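To start, the structure itself, in structure tokens.
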Amino acid sequence: MSKAMELAQHLEKLKINNMYKDDFYWTWDKTDDEIDAVFTVADALRDLRERNISTKIFDSGLGISIFRDNSTRTRFSFASACNLLGLAVQDLDEKKSQIAHGETVRETANMVSFMADVIGIRDDMFIGEGHKYQKTFMDAVKEGYYDGILEQQPTLVNLQCDVDHPTQAMADMLHVIHYFGGVENLKGKKVAMSWAYSPSYGKPLSVPQGIVGLFTRFGMDVVLAHPEGYEIMPEVEEIAKKNAAASGGSFSKTNSMAEAFKDADIVYPKSWAPFAAMEERTKLYAAGDQKGIDELEKKLLAQNAEHKDWACTEEMMKLTRDGKALYMHCLPADITGLSCKEGEVDNSVFDRYLVPLYKEASYKPYIIAAMIFLAKVKDPVKALMDLDAKGEARKEF
Amino acid sequence: MSKAMELAQHLEKLKINNMYKDDFYWTWDKTDDEIDAVFTVADALRDLRERNISTKIFDSGLGISIFRDNSTRTRFSFASACNLLGLAVQDLDEKKSQIAHGETVRETANMVSFMADVIGIRDDMFIGEGHKYQKTFMDAVKEGYYDGILEQQPTLVNLQCDVDHPTQAMADMLHVIHYFGGVENLKGKKVAMSWAYSPSYGKPLSVPQGIVGLFTRFGMDVVLAHPEGYEIMPEVEEIAKKNAAASGGSFSKTNSMAEAFKDADIVYPKSWAPFAAMEERTKLYAAGDQKGIDELEKKLLAQNAEHKDWACTEEMMKLTRDGKALYMHCLPADITGLSCKEGEVDNSVFDRYLVPLYKEASYKPYIIAAMIFLAKVKDPVKALMDLDAKGEARKEF
Amino acid sequence: MSKAMELAQHLEKLKINNMYKDDFYWTWDKTDDEIDAVFTVADALRDLRERNISTKIFDSGLGISIFRDNSTRTRFSFASACNLLGLAVQDLDEKKSQIAHGETVRETANMVSFMADVIGIRDDMFIGEGHKYQKTFMDAVKEGYYDGILEQQPTLVNLQCDVDHPTQAMADMLHVIHYFGGVENLKGKKVAMSWAYSPSYGKPLSVPQGIVGLFTRFGMDVVLAHPEGYEIMPEVEEIAKKNAAASGGSFSKTNSMAEAFKDADIVYPKSWAPFAAMEERTKLYAAGDQKGIDELEKKLLAQNAEHKDWACTEEMMKLTRDGKALYMHCLPADITGLSCKEGEVDNSVFDRYLVPLYKEASYKPYIIAAMIFLAKVKDPVKALMDLDAKGEARKEF
């Protein structure tokens, strides 16, 4: 039996009725079975692709992408996922668009969704804004569907908001699952999600939040490490705590990178902005106070610079389990001596993990495709089995 | 029998032989049967889509879009229409292109049309320029086809020029037809195509021109209202008059918004620039006289500001038939208190018509697809019937 | 028998086993049989297309385009070629991407190639850089494929580098082959690849290099003409010499345009930058010396201006074989009196050759498609025959 067929059989055991036509905002909205389903379908689609079997479930249709912040990895992952399933991508470039000053999100949402089967949105710049934008957008298209404006109900894939980065966290997790040989081997593994110094300012919190919000569901000991002042959103910490309690793992915090790295099986050192400062920035932004924003930035850069010792050096890596923890990053990383003078990680450490890092990233298209697949296909088990049985070549000859 | 099948039978009765391989510049180039055919095919394609039946008539091929002005609605409508029929969109972004200073339109036209089945062009900025550009472009590709440079003859969909905006006007009209329960119910209805104040300057005339040029063909009483100095192109007024005479309706003009709104069944209040000033601007532009353009703009903004009372207020709406005329707009509108301090329409009026407004916009992809369908398919009746009979799923599973 | 079928039979006689999964950097990397195969497949695909037969060999998949310099012709040619074979294009717009300062080409290459079947890259600005970038990129994706990061091995189509412009040179050559009625008629024909004056500065050398590197393989007498100081890369001259010796033609140089044009059957007058100056510019660029670059530019423009007599005038054309040499250009040309005051070619000459010039350009999509086809299809003979035999309509109805 093919791997895809086996995975379809596993999928059959999961309760996933609510995924059909549903949006994907945050991993913690989803049940364990639903999370499992995304991993399962992602692996199945990858297996089909590896065997040159077509996974087109659409003969036409559009995936709309809206990147309110720059993106390479996620942009190409979304494009790949859409193409894998038979959708064409139409990007909303707000600069080239006639989006009137004051045009409502509701209007834009309907105007770009005429033939949209899926909407992918990245909006991660301002605390309290990104998720709100996605929600307003999706409420509008849902209404549009019920009002007969749209012939199909588009569903959302959150390509990063201010709260979660589910396609990243799930690609990361699928990488971990395969790296350690299965989800059953994860119990008790120690994960260090750690802040690290970067010369740049104000990176989103959604990656660390996504990681602690998801990784705590697998019975692992997740440690969140950062200097004082670099707290993440308290709501997400609450979720991490509950997850850990339910899964038999733990969630703890520390202000010492070394403590987090000690005997860790997995390390994820990455810069992010302090939550409180991001909240302040959002307020200044809303008030149009550019001078305030500039001053805040200066203050934050100064604050940042006090923590240059938060770096994933060779020394630091030696503290991890047998000195061989799995190093993870969402990329691009700030690499000391390569992309900056002092950054998140030593060049030698980063270089040693290049292949696993790229492999980690390579799961994202399949995670996105799985999210779309589960939202658009009524009977995903049958669909996977049929695709495999039919075995139409993706590339002929 | 399905709705699409019924519509195909209606299509069979129409004389539409000349549409095959023909371009779509202006609605008044087309016979009544041809206009009817576009509505009929648009409705049929929408019915097929609603029943998840594939309408792909191309297995590959390109739709080339050229937006010489910003666009969201039309851009996504064109992309949706192409996708619906199986074409991929390739956008000519003149900023990213190596279009040499002085490169002829003839050369560009051939260079971007290698695999083009359809060309969509928006060029609405300068009176006397937009249509000319489209014509030059299409003459060039036609020649290119006959000279064996291109393997297929691309056809044009005018996505807005300086004279007409046929995809807008026809989407608007299809909305009206369905709103009033059929074309047979339109005779004697009063339509107010009215100028309205907007703080922005120089909006194209193609929307009001497109509306009076098309709506007068359905036996309605079309009133064009604007302050003195905001005349539209006299050629288009002539067409409106002829249309009205032929259809048993009327075309009249007034300098009073209230008079136009009085007992109107449909109101379309929208800002546009004065024709004479636009002609002047074109001359200044041709002469490269930026100072002259800036001065003209100042003058026009001042002139504009004298007519802030031309607004679709609740008061004004009360004048219409039972106070319930159908409010229409091509979007985005300048909404008083929402997108600007003083604009074309009261927020409460606009808000009450949100669903019909979005529905109105939702016809555009189907209108564009119908235009392409009729230009590319030799036997559109058979094609619709075959698509319906085959019933291939657009989305499998 | 169809033309495509005949061409497939010709293809069967060629030794082309090494083309499968191979990259296309430079024409001189390829054997005569391989060059022949590209022409043969290009003609076959064009014949199928002319007969409305689908040439889709992919049901999904992506062609990634990276234009590090502006492009219209090549951009639309690449898009057309991908579409012809069933691939969607995803463009890497470095401005919209989150390509970190210092991010390695290796990382970018893997991150954009998740579902890529083919990569098209234009990078022609700096001597010593363009090819290096392409090589680094392709080495990275090859590694990525072997490391299991990518499920398919993408192959390269060089869309212009600092050394060669193979899709241009081969489209040009296919035009010549058809113009003269077959490759067997080319022996002894005189080709003048000549420098010509343009008011713009620093055009790439890859076109003249591509032409002398390819045209010398067909037994023709290729003359490279330019003012002193406008030498091309010596390595390419060496290749041209070897080619000429092997093919029974000749390769010579002159500093007189008239001498080159004398009795020429083909003339290709085009501006390019002097090689030595381009090398200097690359060094200044690497050192970040903008002032140095500006000074160099001034010097070069002054040097350029001394050679305004290097123009393809009517006078000059009279020197050619019966005054009727085939005039060629990669477009856009700098046309005296049309796009500039003094340029590469007289307007009357250019205008007389418009149709052949556009025809010349129209081969490029097929050349690119043939390169992709031969790199992705294991048995191209069978593939062509099957496509023809199946005869699926590209456009139904």
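The values are calculated or read from the model by the stated rules, or taken from the named source; none is laboratory data. It should be emphasised that the depicted structure is a prediction, and the values quoted were computed from it without experimental measurement. Glycine also receives a Cβ, built like all others from the backbone with ideal geometry; neighbour counts cover every protein chain displayed. Calculation scope for accessible area: heavy atoms of the full protein, side chains included, ligands and nucleic acids excluded. Shrake-Rupley method; radii C 1.70, N 1.55, O 1.52, S 1.80 Å.
Test of understanding: express the Cα radius of gyration of the protein assembly as shown as a ratio to 2.2 N^0.38 Å, with N the residue count.
Working it through for the protein assembly as shown, the quotient is 0.97.
Ranked from the most accessible area to the least, with a 1.4 Å probe and all protein chains present, what is the order of C:Y179, B:Y25?
Descending order: C:Y179, B:Y25.
With the label 7 angstrom out along Cα to Cβ, how close does A:K299 come to the same site in each of the other copies, in nm, nearest first?
Its label point is 5.2, 5.2 nm from the equivalent points in the other copies.
Alpha carbon centre of region A:310-327 versus region A:7-71: separation in Å?
Cα centroid of region A:310-327 versus Cα centroid of region A:7-71: 34 Å apart.
Between rounded, prolate and oblate, where does region C:1-74 land on the alpha carbon gyration tensor, with a ≥ b ≥ c its root eigenvalues, rounded for a/c under 1.5, else prolate if a/b exceeds b/c? It would help to have the intermediate numbers written out before the result.
Working: a/c = 1.88, a/b = 1.20, b/c = 1.56.
Because a/c hits 1.5 or more and a/b fails to exceed b/c, region C:1-74 counts as oblate.
Quick check of the Kirkwood formula: for region A:101-144, what is the inverse mean of 1/r over all pairs of different Cα atoms, in Å?
Working: mean 1/r = 0.0914 Å⁻¹.
Answer for region A:101-144: a Kirkwood hydrodynamic radius of 10.9 Å.
Return the long-range amide H neighbours of C:K189 (sequence gap of 5 or more, or a different chain), with a cut-off of under 5 Å between placed amide H atoms.
C:D221
Show that you can apply the helix-only estimate: for chain B, add -39,500 (n - 2.57) for every DSSP H stretch of four or more residues, divide by all residues, and state [θ] at 222 nm to the nearest 500. Let's see the in-between values first.
Values: 16 runs with 181 residues, N = 397.
Rounded to the nearest 500, the figure is -14000 deg cm²/dmol.
Counting protein heavy atoms only and a 1.4 angstrom probe, how many square angstrom of accessible surface do chains A and C bury in total, to the nearest 100?
Working: alone 17610 and 17580 Å², together 31450 Å².
What A and C bury together is about 3700 Å².
At a 1.4 Å probe, which residues in region A:39-58 are at least 50 Å² less accessible with all protein chains present than in their chain isolated?
In region A:39-58, residues shielded by partner chains: A:R49, A:K56, A:I57.
With an 8 Å Cα cut-off and a minimum separation of 6 or more residues, compute the relative contact order for chain B in percent.
Values: 758 pairs, mean separation 84.2, N = 397.
After rounding, I find 21 percent.
Ordered by residue, what ³J(HN,Hα) values in Hz, to whole numbers, does region A:137-142 give under the Karplus form 6.51 cos²θ - 1.76 cosθ + 1.60, where θ = phi - 60° and Gly and Pro are x?
Listing the rounded values in order: 4, 6, 4, 5, 6, 4 Hz.
Among A:K395/C:K15; B:K13/B:K142; B:K378/C:K395, which pairs are too far apart, with a Cα-Cα distance over 21 Å? It would help to have the intermediate numbers written out before the result.
Working: A:K395/C:K15 23 Å; B:K13/B:K142 30 Å; B:K378/C:K395 11 Å.
A:K395/C:K15; B:K13/B:K142, as the Cα separations exceed 21 Å there.
Given axes a ≥ b ≥ c from the Cα gyration tensor, I'd like to know whether region C:180-225 is rounded (a/c under 1.5), prolate (a/b larger than b/c) or oblate.
Values: a/c = 2.90, a/b = 2.42, b/c = 1.20.
Taking the square roots of the gyration eigenvalues as a ≥ b ≥ c, region C:180-225 is prolate.
At 1.4 Å probe size, with no ligands or nucleic acids counted, give the accessible surface of A:M257 in Å², nearest ten.
Looks like 10 Å² after rounding.
Based on the Cβ-Cβ distance of C:D59 and A:D33, what FRET efficiency does E = 1/(1 + (r/R0)^6) give at R0 = 41 Å, to the nearest 0.05? All intermediate terms of the calculation are to be shown ahead of the outcome.
Numbers: r = 31 Å, r/R0 = 0.77.
About 0.85, to the nearest 0.05.
If you take the square roots of the eigenvalues of the alpha-carbon gyration tensor of region C:48-179 and sort them as a ≥ b ≥ c, do you get rounded (a/c under 1.5), prolate (a/b over b/c) or oblate?
In terms of gyration-tensor shape, oblate.
Considering amide H positions built from the backbone, and no H for Pro or chain starts, which residues 5 or more places from B:Q90, or on another chain, come under 5 Å of its amide H?
Sorted by chain and number, the residues that satisfy this are B:G63, B:I64, B:S65.
Grab the beta carbon distance between B:S2 and A:D139, set R0 = 41 Å, and tell me the FRET efficiency rounded to 0.05. Don't skip to the end; give the middle numbers.
Values: r = 33 Å, r/R0 = 0.79.
After rounding to 0.05, the efficiency reads 0.80.
Ratio of region B:159-307's C-alpha Rg to 2.2 N^0.38 Å, to two decimals?
Numbers: Rg = 16.1 Å, N = 149, 2.2 N^0.38 = 14.7 Å.
Here the answer is 1.09, to two decimals.
If amide H atoms are built 1.01 Å from N in the plane of the peptide, which residues on other chains or at least 5 residues away come under 5 Å of the amide H of A:C312?
A:V345, A:D346
Where the only charges are on Cβ atoms (+1 Lys, Arg; -1 Asp, Glu), what is the dipole of region C:137-247 about its Cα centre, to the nearest 20 debye?
Numbers: 8 positive and 14 negative charges, 120 e Å.
That gives region C:137-247 a dipole magnitude of about 580 debye.
Along each of its three principal axes, how wide is the spread of alpha-carbon positions in region B:15-55, in whole angstrom units, largest first?
34, 18, 18
Counting only Cβ atoms, what residue of chain B lies nearest to the axis that sends chain B onto chain C, and how many whole Å off?
Taking Cβ atoms only, the nearest residue and its distance are B:A88, 4.
Quick one: of C:K190/C:K318; C:K242/C:K262; C:K21/C:K56; C:K308/C:K364; A:K203/C:K291; A:K187/A:K241, which pairs are farther than 26 Å apart, Cα to Cα? Could the numbers behind the result be given before it?
Values: C:K190/C:K318 15 Å; C:K242/C:K262 24 Å; C:K21/C:K56 18 Å; C:K308/C:K364 31 Å; A:K203/C:K291 35 Å; A:K187/A:K241 16 Å.
From C:K190/C:K318; C:K242/C:K262; C:K21/C:K56; C:K308/C:K364; A:K203/C:K291; A:K187/A:K241, over 26 Å: C:K308/C:K364; A:K203/C:K291.
If you average the C-alpha positions of region C:182-242 and of region B:342-378 separately, how far apart do those two centres end up, in angstrom?
One Cα centre to the other: 55 Å.
At 1.4 Å probe size, with the rest of the protein present, what percent of the exposed accessible area of chain C is carbon and sulfur atoms? Mind dumping the intermediate values first?
Values: 6930 of 13850 Å².
With neighbouring chains kept in place, the figure for chain C is 50 percent.
Please work out how much accessible surface B:C340 shows to a 1.4 Å probe, ignoring ligands, DNA and RNA, in Å² rounded to 10.
20 Å²
Under the 0.36 nm per residue contour assumption, what length would be gained going from the current alpha-carbon distance of B:K341 and B:E392 to full extension?
Details: separation 51, 0.36 × 51 = 18.36 nm, distance 5.09 nm.
Difference between extended and current length: 13.3 nm.
How many Å² of accessible area per residue for region C:274-397, probe 1.4 Å?
Numbers: 5460 Å² over 124 residues.
Here the residues of region C:274-397 average 44 Å² of exposed surface.
Run the label-point distances for C:K21 please: 7 Å along Cα to Cβ, every other copy, nanometres, shortest first.
Copy-to-copy label distances for C:K21: 4.7, 4.7 nm.
Tell me, what ³J(HN,Hα) does each residue in region A:236-247 have, in order and in whole Hz, if you take phi through Karplus 6.51 cos²θ - 1.76 cosθ + 1.60 with θ = phi - 60° and put x for Gly and Pro?
6, 4, 4, 4, 4, 4, 4, 4, 4, 4, 6, 9
Could you check what % of the DSSP bridge pairs in the protein assembly as shown are antiparallel, to the nearest 5? Working shown, then result.
Values: 6 of 114 bridges.
Percent antiparallel among DSSP bridges in the protein assembly as shown is about 5.
Rounded to the nearest 10 Å², what accessible area does B:L354 have for a 1.4 Å probe in the complete protein model?
Counting only protein heavy atoms, the figure is 10 Å².
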